[in-house]
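The values are calculated or read from the model by the stated rules, or taken from the named source; none is laboratory data. All values derive from a computational prediction rather than experimental measurement. No Cβ is skipped: glycine too gets one built from the backbone with ideal geometry, and neighbour counts run over all protein chains shown. Each accessible area value is taken on the protein alone, full model and side chains, heavy atoms only, with ligands, DNA and RNA left out. Shrake-Rupley method; radii C 1.70, N 1.55, O 1.52, S 1.80 Å.
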There are 2 protein chains.
Amino acid sequence: MTAKATSRQPAPVDQSYLLGLLGYNCLQAYLKIIPQVKKQLKRVQLRPVEFTVLAVIADNPDINQKRLGETINVSPPNLATLLDRMQADGLLTRQRNPNDKRSQILALTLPGKQRYEKARAGVADLDRPASLSPDEHDQLIHLLQKVFL
Amino acid sequence: MTAKATSRQPAPVDQSYLLGLLGYNCLQAYLKIIPQVKKQLKRVQLRPVEFTVLAVIADNPDINQKRLGETINVSPPNLATLLDRMQADGLLTRQRNPNDKRSQILALTLPGKQRYEKARAGVADLDRPASLSPDEHDQLIHLLQKVFL
DNA sequence: TATTGTTATACTCTATAACTATA
DNA sequence: TATAGTTATAGAGTATAACAATA
């Protein structure tokens, strides 16, 4: 269901070397999946990284910026400006930890929670490629997590 | 071998929802792998996308820009400037196809081939996480390719 | 002194529109 | 009219250094 329908397919591109590299495969799979996710999230005015932030705060009330940033791989400077924007957008609050006034405690506002729930509904089962059986999907995720967890 | 050695681990961050999303897993695995690859490639003055370009041209002599860009997921405008740079760097040549003067035929120069071989040596078996057995590594790549091929 | 977070800034990467030349 | 590639440009993402406040 790709180039098959066109008149005459040229010799396929030889990617044999690259296809043996795990990093290349991870990136290409990600690039295949992400456009649809982006499109759905755009409907609720969220970018992927913002959705990720909402998800982590939703499941980890009162998490601080350091742990959030480490978890989702966003550096402190970039996280600061990202959270500035999301806070201005009314999605979350930041308050200093009384026990350690250096750290900021993050929490979702009601609109933040609502936007997150709406986003989740749109994303649900969206990144399940039809080419994978449920078992393969689970197995793939399991193996990926052995890489980065 | 992560936070285990530190004095006292805080409750781990709950990522249960995100960890069920295939796209998130692909990205995090990629982010885990890519820094070492980047570091190795930097030694031969290449960025990942440049290494990818060299690899595709090396295995597909006389490929044109359209097919290269489709294969590695780089848009025509971005590919044009990327190839400008690589050509100026002496890594490859572009010549118009006599049979269709719109398209550019790409080829590696000798320095391009040499740089590519050097890069390959540095990258070899670099993106094989110790946490995966050889079988798991192969299985993971197989499943990823079911997603994007 | 070390840690948390911020500001400023530069650099890279990606996306879009308008264009040239060839077909 | 359609296609291959280019140019220009804007936007998003990422990286680095210097800083303030707190511990």
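A few comments on the model shown:
- Considering B:GLY69, B:GLY90, the condition of being away from DNA strand D (no atom under 13 Å from the Cβ) and in contact with a Pro (Cβ under 7 Å, 6 or more places away or on another chain) is satisfied by B:GLY90 alone.
- Segment B:127-141 - residue that is more than 9 Å from every other protein chain (Cβ to nearest Cβ) and not acidic (Asp, Glu) and, of those, surrounded by the most Cβ atoms within 10 Å (Cβ to Cβ): B:SER133
- Only listed residue being farther than 23 Å from A:PHE148 by Cβ and either within 11 Å of chain B (Cβ to nearest Cβ) or in contact with a strand residue (DSSP E or B) (Cβ under 8 Å, 6 or more places away or on another chain) (or both), chosen from A:LEU31, A:LEU108, A:LEU68: A:LEU108
- Where B:GLU50 falls short, out of the listed (1) acidic (Asp, Glu); (2) open to solvent by less than 90 Å² (accessible area, probe 1.4 Å); (3) over 24 Å from A:LEU31 (Cβ atoms): (3)
- Among (1) facing chain A (nearest Cβ under 10 Å); (2) open to solvent by less than 40 Å² (accessible area, probe 1.4 Å), the one test that B:GLN36 misses: (2)
- Some residue of segment A:57-66 being among the charged types (D, E, K, R) and at positive phi: yes
- Looking across segment A:68-94 at every residue that is of a type in the set (Gly, Ala, Ser) and closer than 19 Å to A:THR109 by Cβ, the one that is surrounded by the fewest Cβ atoms within 10 Å (Cβ to Cβ) is identified as A:ALA88.
- Each residue in segment B:64-83 was checked for being within 12 Å of DNA strand C (Cβ to nearest atom) and hydroxyl-bearing (Ser, Thr, Tyr), and 2 pass.
- Apart from one condition, B:ALA29 fits all of (1) closer than 28 Å to A:ARG120 by Cα; (2) among the hydrophobic types (A, V, I, L, M, F, W, C); (3) within 13 Å of DNA strand D (Cβ to nearest atom); the exception is (3).
- Set A:VAL44, A:VAL49: member being within 24 Å of B:PRO12 (Cβ to Cβ) and among the β-branched types (Val, Ile, Thr): A:VAL49
- Test for A:ASN97: is it touching a helix residue (DSSP H, G or I) at 6+ places or on another chain (Cβ under 7 Å) and open to solvent by 30 Å² or more (accessible area, probe 1.4 Å): no
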